[in-house]
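The values are calculated or read from the model by the stated rules, or taken from the named source; none is laboratory data. From a predicted model like this one, the values you see are computed outputs, not experimental measurements. Positions of Cβ are backbone-derived with ideal geometry, glycine not excepted, and every protein chain shown enters the neighbour counts. In case anyone asks, the SASA skips ligands and DNA or RNA and just uses the protein heavy atoms, side chains included. Shrake-Rupley method; radii C 1.70, N 1.55, O 1.52, S 1.80 Å.
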Amino acid sequence: MYVYVRVKFTLALILSGLWTLTSIYLAIPWYVGLSARMYHPLPALIVLGLAIIPGWAMSFMIFSLLLDRRPKYVEKPFVAPPLTLLIAAYNEEDKIFDTLMSVWLQQYPAHVRVVVIDDGSTDRTAEKVMEFIQQHPTTGKSFELIRHQENMCKAAALSTGLETVTTEFVITIDADSYLYERAIENLARNIVLGPKQTAAVAGNVLVRNSRENMMTKLQEWDYFHGIAVIKRVQSLYQGTLVAQGAFSIYRTAAVKRLNGWPPKIGEDIVLTWGLRDLGYRVGYAENAFCFTMVPETYRQFFRQRKRWSRGLIEAFKSYPSTLVKVRMNSPFIWYNLFFPLVDSAYLLFFLPGLIAAIFFQNYLIVGMMTVLLLPLALIANGLFYWQQKRIFSEYGLKVRMNPFGFFVYLLGYQAIMAPATVTGYLSEILNMAKKWGTK
């Protein structure tokens, strides 16, 4: 039986609201105990940040996934439009050749113009691009190189490429990514056959170097288990919040209305929110797979997640009106507004509270209310895994066995990520100097 999307949204909102009301009622004794020992508003911030807000988010995701019964994907015929593909590259001499090869191997029935913008690289990135162009004849695709004399930033590089785009649609991929078979076609099919107001579609980005070490194994689960599922639920409600630069397609005219990618740390999220502000829709193509390189050291990871969280604050600062422009994906916008509170509460209260509970049997902060979130988290992660495994099976991919990484991801990933995100929020709120860079 088909259920309208708005009905699913309403049911998920009501059910998660009832869960939240129950949580608030159960948290009253905890709040009273905290109030007797702490100055206000700390007790309220702790209860909200550690239990109520995360609990609502998880319950909303669970109910949304349970209600998400989309018709089986049927490939419809479409007229493939010519495309322009932009690759901003900075010091990617070790990866750019493979990235271009993955594009060259794509079977796409129309012409694809590939433009690499070398953003002032100090290594042999430009030479590697020219080597590839010389070694690979044009087969429905053409390859070009544009060079910046100095490193400007990824947004500037993409905007330089955008100035040369004459096709209706433009795709961006990272210079260290690798496209899975038919990725370009599936991404283009989604935007061409989608609603007319669709201005961008995010691809399904997964981890390419997941076997390197524990750091990459954890991120494998984050991309596979967290980011992809969140984008799926957001797309269910007609609005993915980030068309990531790593692999997305855009309507060229819509991007040019915003004068290209903004010179921000989080250029992709700010651009996406700008498209939303203009009234456009952003979709998600779960069958357009792209594998990207993720940070292999904690220092690199810290810098990346700091940049991402800073980009979120940039988006709010650039488009504050998005909070009052109500759509079905507005709950995700509102939840993002509480990210600084949730991450700060985890870092400043939960982790110290966990130490106090384990070593000193002090359960003031980490007690029954926080423990009650564990079953909810297990249910949510079980649904996430089932959903993603099903999608992988449909397209000939297998979930790599990584049980220890999954165990550490469930118990410790937030602990290593929170310092980076909180630093990013504070950096942007305090308008600290911005430093672009790479992963």
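Using a probe of 1.4 angstrom, how much of the accessible area of segment 13-146 is carbon and sulfur, in percent? If you can, show how the numbers build up before the last one.
On the way: 4410 of 6730 Å².
C and S fraction of accessible area: 66 percent.
Cross-link pairs exceeding 28 Å in C-alpha to C-alpha distance, out of Lys154/Lys306; Lys217/Lys325; Lys325/Lys389; Lys8/Lys76; Lys76/Lys154; Lys8/Lys398, comprise Lys217/Lys325; Lys325/Lys389; Lys76/Lys154; Lys8/Lys398.
Two tests apply to each whole DSSP H helix in the chain, Cα reach of 24 Å or more along its axis and mean Kyte-Doolittle hydropathy of at least 0.0, and the ones passing both are 5-35, 373-394, 403-429.
Beta bridges assigned by DSSP with both partners in the chain are antiparallel in approximately 30 percent of cases.
Remind me, relative contact order of segment 168-314 in percent, using alpha carbon pairs under 8 angstrom and six or more residues apart?
40
Ligands, DNA and RNA are left out, and with a 1.4 angstrom probe the accessible area of the chain is 46 Å² per residue. If you plug the beta carbon distance of Glu296 and Leu21 into 1/(1 + (r/R0)^6) with R0 = 35 Å, you get a FRET efficiency near 0.20.
At R0 = 35 Å, how high is the FRET efficiency between Ala253 and Glu181 if r is their beta carbon distance? Nearest 0.05 is fine.
Working: r = 29 Å, r/R0 = 0.84.
After rounding to 0.05, the efficiency reads 0.75.
Here the Debye sum runs over all C-alpha atoms of segment 232-278 as equal scatterers in vacuum, and log10 of I(q)/I(0) at q = 0.30 Å⁻¹ comes out as -1.26.
Heavy atoms only, probe 1.4 Å: what % of the accessible area of segment 319-401 goes to carbon and sulfur, would you let me know? Could the numbers behind the result be given before it?
On the way: 3490 of 4590 Å².
The value for segment 319-401 is 76 percent carbon and sulfur by accessible area.
Given contacts defined as C-alpha pairs under 8 Å and at least six residues apart, what's the relative contact order of the chain, whole-number percent?
Working: 716 pairs, mean separation 80.8, N = 439.
In percent, rounded to a whole number, it is 18.
Estimated from the Cβ-Cβ distance and a Förster radius of 30 angstrom, the FRET efficiency linking Glu168 and Val5 is about 0.65. Of the listed values (i) 21.5; (ii) 20.4; (iii) 22.8, identify the label whose number matches mean projected area of the Cα convex hull in nm² calculated from this model. Read-out taken from this structure: (i).
Tally Lys and Arg at +1 and Asp and Glu at -1 over the other residues with C-beta under 13 Å from the C-beta of Val7: what net charge comes out? Please list the in-between numbers first.
Numbers: positive: Arg6, Lys8, Arg69; negative: Asp68.
Spelling it out: positives minus negatives among the neighbours equals +2.
Residue ranking by accessible heavy-atom surface, 1.4 Å probe, largest first, among Tyr237, Tyr284 comes out as Tyr284, Tyr237. Considering only alpha-carbon pairs that sit under 8 angstrom and 6 or more positions apart, the relative contact order computed for segment 52-134 is 35 percent. Summarising the label geometry, the points placed 7 Å from Cα in the beta-carbon direction at Leu193 and Ser393 lie 2.3 nm from one another. Rolling a 1.4 Å probe over the protein chains gives Glu394 an accessible area of about 80 Å².
Out of the GluC sites (Glu not before Pro) in segment 38-144, which ones are loop residues according to DSSP with at most 13 other C-beta atoms within 10 Å? If you can, show how the numbers build up before the last one.
Working: sites: Glu75, Glu92, Glu93, Glu127, Glu131, Glu144; in loops: Glu75, Glu92, Glu93.
Loop-located and lightly packed - Glu75.
Summarising the overall dimensions of segment 256-343 from its C-alpha atoms, the Rg and Dmax are 14.5, 40 angstrom. Annotation for Phe78 and Tyr39: the two label points, set 7 Å from Cα along the Cα-Cβ direction, are 5.8 nm apart.
Summing charges over all other residues whose Cβ lies under 9 Å from the Cβ of Gly245, with Lys and Arg as +1 and Asp and Glu as -1, gives -2. Answer rounded, prolate or oblate for segment 145-258, using the Cα gyration tensor with square roots of eigenvalues a ≥ b ≥ c: rounded when a/c is under 1.5, else prolate when a/b is larger than b/c, else oblate. Oblate is the answer for segment 145-258, as a/c is 1.5 or above yet b/c matches or exceeds a/b. For segment 353-430, the set of trypsin sites (Lys or Arg not before Pro) satisfying both a DSSP loop assignment and a count of at most 15 other C-beta atoms within 10 Å is given as Lys398, Arg400. Multiplying each eigenvalue of the alpha-carbon gyration tensor of segment 1-111 by 5 and taking the square root yields semi-axes of 48, 26, 9 Å, largest first, rounded to whole angstroms.
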